[in-house]
Amino acid sequence: MKLCRVLGNVVATAKHPVYEGQRLLIVQPIEPSGEAKGASFLAVDWAQAGPGDRVLVMSEGNGVRQVVQMGSQVPVRSLIVGIVDEVDVEVERGEAERGEVKAR
Amino acid sequence: MYLGRVIGTVVASNKCEGLEGIKLLVVQPLDDDGQPTRGTEVAVDTVRAGTGDHVYLVGSREAALALEESFVPVDAAIVGIVDQVDAPARKGPAP
């Protein structure tokens with residue numbers, strides 16, 4: 001999965017039926033420190049996330065189909081599967097100083 | 001899934017089975033800030049998009065699932081025409 005921050009959402013009326021009634025959010029991949037890394041992309045929300053939330057995004061179709069249970073013809077690849085409360089990561093900062101990144 | 005802008009069309013008369021009668025459009029993948037994220041690609045259209053439309057796409061194997069016929073050899077499919085992009089939590093330009 002990818003750690004991402006929700007930037008906002010996309011509104012589209014003309015769309016594939018599977019996307020009907022789904023929230024399509026814009027997610028920005030981030031490092032544990034919170035630093036943005038890589039291009040933003042889109043994910044269907046399955047965790048009631050909102051702008052500014054840090055989320056877990058799964059980008060694998062088979063997993064998506066098992067979660068959404070909408071049959072086999074589901075052209076969805078990325079799904080928000082959780083809202084992150086805390087990330088604790090040991091950061092390699094050279095031998096002398098070993099710090100932990102506590103990202104809120 | 002990702003955003004994109006339709007910039008043209010492709011016509012290919014000699015192509016794999018399953019691709020007949022399916023519109024092929026040239027798309028520039030974009031981020032939410034409208035910046036290109038990589039080179040252009042060719043995608044199948046499932047929502048009657050046209051040149052100039054702001055769209056969103058699904059890639060990889062899931063693109064084939066956007067078409068009725070089962071398993072057409074495609075890895076990018078336009079599955080929505082974007083009316084609006086709201087990114088209130090974006091601070092400053094794309095990284």
> Taking a 1.4 Å probe, which of B:HIS54, A:HIS16 shows the most accessible area, and what order do the others take after it?
Replying inline: B:HIS54, A:HIS16
> Can you list the lysines whose alpha carbon is less than 22 Å from that of A:LYS37, not counting same-chain residues fewer than 8 positions off?
Replying inline: A:LYS2, A:LYS102, B:LYS91
> So what are the three principal axis dimensions of chain B from its Cα atoms, in whole Å, longest to shortest?
Replying inline: 46, 23, 22
>> Amide H of A:VAL27 versus every other amide H placed in the peptide plane: which residues, excluding those fewer than 5 positions away on the same chain, fall under 5 Å?
In response: A:LEU7, A:PHE41, A:LEU42, A:ALA43
> To the nearest 20 debye, what is the magnitude of the charge dipole of the protein assembly as shown about its Cα centre, counting +1 on the Cβ of each Lys and Arg and -1 on the Cβ of each Asp and Glu?
Replying inline: 280 debye
> Just how far, in whole angstrom, is the stretch B:52-94 from the stretch A:1-36 if you go by their alpha carbon centroids?
Replying inline: 11 Å
> Considering only DSSP beta bridges whose two residues both sit in the protein assembly as shown, what percent are antiparallel, to the nearest 5?
Replying inline: 95 percent
> Whose amide H sits under 5 Å from the amide H of A:ALA14, counting only residues 5 or more places off or on another chain, with H placed in the peptide plane?
Replying inline: B:ILE81
>> Once you place label points 7 Å from the Cα toward the Cβ at B:ASP75 and B:SER13, how far apart are they in nm?
In response: 2.8 nm
> Picking from A:SER40, B:THR51, B:PRO29, whose Cα lies most toward the positive end of the charge dipole for the protein assembly as shown (charges on Cβ: Lys, Arg +1; Asp, Glu -1)?
Replying inline: B:THR51
> Ranked from the most accessible area to the least, with a 1.4 Å probe and all protein chains present, what is the order of A:TYR19, B:TYR2?
Replying inline: B:TYR2, A:TYR19
>> With the crude spin-label approximation of a point 7 Å out along Cα→Cβ, what separation in nm comes out for A:ALA14 versus B:GLU68?
In response: 1.9 nm
> Which value, in Å² rounded to 10, gives the accessible area of A:SER72 with a 1.4 Å probe and all protein chains present?
Replying inline: 80 Å²
>> Explain nothing, just the number: dipole magnitude of chain B about its Cα centre with +1 on each Lys and Arg Cβ and -1 on each Asp and Glu Cβ, in debye rounded to the nearest 20.
In response: 260 debye
> Summing -39500 (n - 2.57) over the DSSP H runs of n ≥ 4 in chain B and dividing by its residue number, what mean residue ellipticity at 222 nm do you reach, to the nearest 500 deg cm²/dmol?
Replying inline: -500 deg cm²/dmol
> What ranking of A:MET70, A:MET1, A:MET58, B:MET1 comes out by heavy-atom accessible area, probe 1.4 Å, highest first?
Replying inline: A:MET1, A:MET70, A:MET58, B:MET1
>> Straight-line reach from B:LYS23: which lysines fall under 24 Å, measuring Cα to Cα and dropping same-chain residues less than 8 apart?
In response: A:LYS15, B:LYS15
> With N residues in chain A, what two-decimal value do you get for its Cα radius of gyration over 2.2 N^0.38 Å?
Replying inline: 1.24
>> Given an 8 Å cut-off on Cα distances and at least 6 residues of separation, report the relative contact order of the stretch A:2-103 as a percent.
In response: 26 percent
> Can you list the residues, at least 5 places off or on another chain, whose amide H is less than 5 Å from the amide H of B:ILE7, using H built in the peptide plane?
Replying inline: B:VAL26, B:VAL27, B:GLN28, B:GLY52
> Say R0 is 45 Å: what FRET efficiency, to the nearest 0.05, do A:ASP88 and B:GLN35 get from their beta-carbon distance?
Replying inline: 0.90
> Hey, if you drop one equal point scatterer on each alpha-carbon of the protein assembly as shown and run the Debye formula without solvent, what base-10 log of I(q)/I(0) do you get at q = 0.11, 0.13 Å⁻¹?
Replying inline: -0.52, -0.70
>> I need the phi-derived Karplus couplings for the stretch A:28-45: 6.51 cos²θ - 1.76 cosθ + 1.60, θ = phi - 60°, integer Hz, Gly and Pro marked x.
In response: 10, x, 10, 7, x, 5, x, 5, 5, 8, x, 6, 6, 8, 10, 8, 7, 7
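The values are calculated or read from the model by the stated rules, or taken from the named source; none is laboratory data. Quick caveat: nothing in here was measured; it's all calculated off a predicted structure. Cβ: placed from backbone, ideal geometry, glycine included. Neighbour counts: every protein chain shown. Accessible surface is based on the protein model in full, side chains and every heavy atom, while ligands, DNA and RNA are left aside. Shrake-Rupley method; radii C 1.70, N 1.55, O 1.52, S 1.80 Å.
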